[in-house]
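Participant: Quick one: structure below, then a few questions.
The values are calculated or read from the model by the stated rules, or taken from the named source; none is laboratory data. Every value quoted in this text rests on a predicted model; they were computed, and no experiment measured them. Here the Cβ positions follow ideal geometry from the backbone for every residue, glycine too, while neighbour counts run over all protein chains shown. SASA here: full protein model, heavy atoms, side chains in, ligands and nucleic acids out. Shrake-Rupley method; radii C 1.70, N 1.55, O 1.52, S 1.80 Å.
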Amino acid sequence: MKLFPKSAFARTVGLLALVLLLNQIVSYLMVSNYVVKPSIEQMSQLVAKQIRTMFISDRVLSNQNESLAVAFYNATGIRVFSDEQAQNEGLDKTTYYGYLSSLMSKHLNGPAEVRVSQGQAFYIWVKPPQAPRYWVRVPLESIHSGEFSPLVVYLIVIGVLSVIGGILFANWLNRPLKALETAAQQVGRGEFPEQLSEKGASEIMSVTKAFNQMSRGIKELENDRNLLMAGVSHDLRTPLTRIRLAAEMMPESEDYLAQGIIEDIDDMNDIIDQFIDYVRLDQQEKASRESLNELLEQTLANLPDSWEKTFSADLGDCPLVWVRPLSIKRVVINLLENAERYGNTKACVRSGYDKQRKTVWLSVSDDGPGIPEEQQQNLFQPFTQGDKARGGVGSGLGLAIIKRIVDRHNGRITLKNQAEGGLCVRIDLPLRKALAG
């Protein structure tokens, strides 16, 4: 049987008990060293002074050269000063204590004043009611302000040790949670990390075990979906190929009909490709540090010759960023395809660096009719198309594919209608490596 508890609750209780035990030990040491011990020493000193005072008269009688006052001072260290002498001895630097004054007045059966001075020596000054023009100075040699420095050190040490112990314990307890958080973010981006180690507190082990089961289930579901999509696309392409072959073999008198069939088949193949792209999204592609401007230039240089719109570039200075190059190119080509499809005559690609947010950004803007703001957020859902003013061509997966890729990069995508007309799509990507692989 292990004495170390397994649950987070028991470990927290154990930590609190340990901290309280340490505080009790330190409190005991402080009280014994700075309260009990000084009190015993003071009591011993006072008893010793009383005993020495009892034999002053005998010693003075045997030594005719010693006065009674000198003998009393040598035995007790107590001296009597007039008001003027007391001022010269540092009475003005003392501190008045009302509580001690009231106690002393009670013991001396009259109004008394008590002051305390601290320096190299610790003195109590008393103005007794029996001699209101004089001050009696009593040394307390065992109490010095310097002796309290270990008390401060003890308090600081126990405080620092408690804080460090709490930080180490919290870090040790939360380390599996941080690993669980990272893995959950990866699964949210469509990635599937290795199974987490099931260790730590019993509650954490239960959550980790459930997460591993969930991750395995999602991965199996993703594999089944890929297999299903691959099978469906294969089964669809086979009859489409036969239809295309039959259309090309039609007589010349029906060329207009054959051409329409071939164009419909091409559109269907494009839609199937979009389905596959939406499902797969280059999940095996590794991330690397790339120049965003170079990716944009490469994409613009390879646009189809059949596109009719004029595309321009306004690229700013951008640092290298962690991205999946093929995925970002796919984002750009999808945005440019929308600009070609819905714009009037031109489109512009821009890029820049946001120093405050530590992100690089790219945008594609067209001069088309734009999209009403109340419809913009819904466009990121699969099979959703924009306003009728922008037409109804395509499968409605373009922006959904873009959104999934941007999410996998921990980025942000925003749509905004321009004041001069047209739609601007902006994508912000973080500089830091926020993706696996």
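Participant: Would you check which residues across region 292-311 are surrounded by 12 or more Cβ atoms within 10 Å (Cβ to Cβ) and in a strand (DSSP E or B) and list them? Show your work before the answer.
Facilitator: As a first pass, look at region 292-311 and keep what is surrounded by 12 or more Cβ atoms within 10 Å (Cβ to Cβ): 292-300, 303, 307, 309, 311.
Passing the criteria: only Phe311.
Participant: How many residues are hydrophobic (A, V, I, L, M, F, W, C) and farther than 25 Å from Asn74 by Cβ if we restrict to region 86-140?
Facilitator: 3
Participant: Still on this structure: Which residues, counting only those in region 319-369, are basic (Lys, Arg) and open to solvent by 30 Å² or more (accessible area, probe 1.4 Å)? Don't jump to the end; show me each part of the working.
Facilitator: Taking region 319-369 first, the residues basic (Lys, Arg) are 324, 329-330, 341, 346, 350, 355, 357-358.
Result: Lys329, Arg330, Arg341, Lys346, Arg350, Lys355, Arg357, Lys358.
Participant: Same structure, new question: Identify, by number, the condition in (1) open to solvent by 70 Å² or more (accessible area, probe 1.4 Å); (2) within 30 Å of Asp270 (Cα to Cα); (3) among the hydroxyl-bearing types (Ser, Thr, Tyr) that Ser197 doesn't meet.
Facilitator: If we test Ser197 against (1) open to solvent by 70 Å² or more (accessible area, probe 1.4 Å); (2) within 30 Å of Asp270 (Cα to Cα); (3) among the hydroxyl-bearing types (Ser, Thr, Tyr), just (2) comes out false.
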